[in-house]
Amino acid sequence: MSHGRELINIPTVDVVHVLFSSLSAYGHTYPLLPLARAMAARGDRVTFATGPEFTALLTKLGFGTAEVGLDIGAAFGQAVAEEGAEVDFRNPEDPAAARAIGRVFGSLMPRKFAEDLGPVLDRDTPDLVVYEVANPGAAIAAKARGIRAVGHGISRGDFGELLPELPGLLSAVAADFGVDLSTDALLEDDLYLDIYPASLQDSLRPNRQPLRPVAFAEPGDLPAWVTAHEKPLVYLTLGTAFGKLEVLRTAIDGLARLPVNVLVAAGPAVDAEELRDLPAAVTVLPWVPQADLLPHTDLVVHHGGSGTTLGALAAGLPQLFLPQGADQFVNADAVTAAGISRTLKGDAATADALAEAAGALLSDTEARAAVARVAAEIAAMPGPDEVAESLAR
């Protein structure tokens, strides 16, 4: 088991070509980019296989690309239609939601990725496949061809913790491609690049290699007042996939009661123009370069996506979670249990409750001390350059 800056001794591999593969979504693709860039900087050939939405960015970064897989929205649409009943993804206890999520990540997506990636691997014959853990179809395609596969974490723990039916579903998909996962359905025998700090996890995988989470964001400009603000700055976002107008409006109403400046990133799921009649201290933008913003921020109020969670932790910032779905509840529970944050779920996220919780966090010196310890832990994890060298060895 590995902690701190320790690097696992990896068998010698003359890496010439590394293929990265992720589901086609920001929270699944962006966490892999720092390591991919580090390997490219070493002189390794890097190909990135994901959906067409990211082709332009990946090409701009200098990677070869392959467009593979199934759109996540389309996969969820199919799973919900198969469920034949109303599905509440905001409720982690909803059995219909659990079944639909299981089909998406345990069957529909893995099968499509394994099918599409197979011809790419046959043609390009990479030396190594780095797959994000929500994309086991890429690992199945690699294993079917005897290509070494390495898992790359994007969140806390494994998806198997959230989806008990996942092992059976993945084993069935793998069998159709000639791969036996009966003894390791969750691919725990693969080297696992873990970007989540150990102190916030209940258990660690045996083949864990710590990898410091490094925020990636396309370059952008911040409002001039951000770097020179006098009042505390609160950053509010619901991310790229779970944005809801009514939740943002309620959060704005609560935060505006405090003596703070509020910067809101509406994200692609919400039209920023719909957030009208704002208090003077509130600024709404469609998108902000989050990695550049966090060093100027005093509090992050957000959905609990792993990118924002880890970015805020690394920056030593307290957080107020408003989880909406997926692994956001897991992130919120883990960080809140560590005394670093507070969480408001569902109907509990009223304007009054938001104002009270945010105000308390802004003055909570114990929370700031606790998050400073986690920030130091993250800073001590091996960075992408170190892990790239280790993989190449």
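Please treat every number below as a calculation from the coordinates, not as lab data. The structure displayed is predicted, hence computed values, not measured ones. Cβ placement follows ideal geometry from the backbone for every residue including glycine, while neighbour counts extend to all protein chains displayed.
Computed values, structure above
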| quantity | calculated |
| --- | --- |
| Options Gln324, Pro289, Gly254, ranked by Cα towards positive dipole end of the range 224-379, top entry (Cβ charges) | Pro289 |
| For peptides 103-111, 70-78, sequence by mean Cβ density within 10 Å, most packed first | 103-111, 70-78 |
| Magnitude of the charge dipole, the chain, Cβ model with Lys/Arg +1 and Asp/Glu -1, debye to 20 | 700 |
| Radius of gyration, Dmax [the range 224-379; alpha carbons; angstrom] | 14.0, 42 |
| Relative packing of 20-29, 199-208, 303-312, 257-266, which averages over residues the other C-beta atoms within 10 Å, highest first | 303-312, 20-29, 257-266, 199-208 |
| Sum of -39500 (n - 2.57) over DSSP H runs of 4+, divided by residues of the chain (222 nm, nearest 500) | -11000 deg cm²/dmol |
| Dipole of the chain, positive direction: furthest Cα of Pro167, Ala66, Pro382, with charges on the beta-carbon | Pro382 |
| Contour minus Cα-Cα distance for Ala280 and Asp127 (0.36 nm per residue) | 49.6 nm |
| Dipole of the range 50-144, positive direction: furthest Cα of Pro136, Pro119, Gln78, with charges on the beta-carbon | Pro119 |
| Reachable lysines from Lys112, criterion Cα separation under 27 angstrom, eight or more residues apart if same chain | Lys60, Lys143 |
| Extension reserve of the Asp202-Glu366 stretch, reckoned as 0.36 nm per residue once the Cα distance is removed | 56.8 nm |
| Gaussian network model of the chain, springs between alpha carbon atoms under 10 Å - residue of Thr250, Thr336, Thr227 with greatest fluctuation | Thr227 |
| Kirkwood estimate for the chain, i.e. one over the average of 1/r between Cα atoms, Å | 21.6 |
